[in-house]
Amino acid sequence: MTDWKALAQAAGLAGERVTGPLETIEAVFRPLTENLPPELEPACTFDPEETAGG
């Protein structure tokens, strides 16, 4: 599980109002993602040739 409190504190956003919803979302969705096969995972790719116009 992600340490949302540490991340929020590092970003200067300490408080349960910020971290509470993130912890809830992760607790709900983390178990659901464990059963997804790799081919269904969304992937983001970056092609520097494509963005450079080449």
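The values are calculated or read from the model by the stated rules, or taken from the named source; none is laboratory data. Since this is a predicted model, take the numbers as computed values, not measurements. Using ideal geometry, Cβ is built from the backbone for each residue, glycine included, and neighbour counts are taken over all protein chains shown. With ligands, DNA and RNA removed, areas are computed over all heavy atoms of the protein, side chains included. Shrake-Rupley method; radii C 1.70, N 1.55, O 1.52, S 1.80 Å.
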- Item | Quotient of C-alpha Rg and 2.2 N^0.38 Å, computed over the chain | 1.68
- Which value, in Å² rounded to 10, gives the accessible area of VAL28 with a 1.4 Å probe and all protein chains present? 80 Å²
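Counting heavy atoms of the protein chains only and a 1.4 Å probe, report the per residue accessible area for the chain as a whole number of Å².
Computed with neighbouring chains in place, this is 89 Å² per residue.
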- Got a sec? Charge dipole of the chain, +1 on Cβ for Lys and Arg, -1 for Asp and Glu; which of GLY15, LEU32, CYS44 is way out at the positive end? GLY15
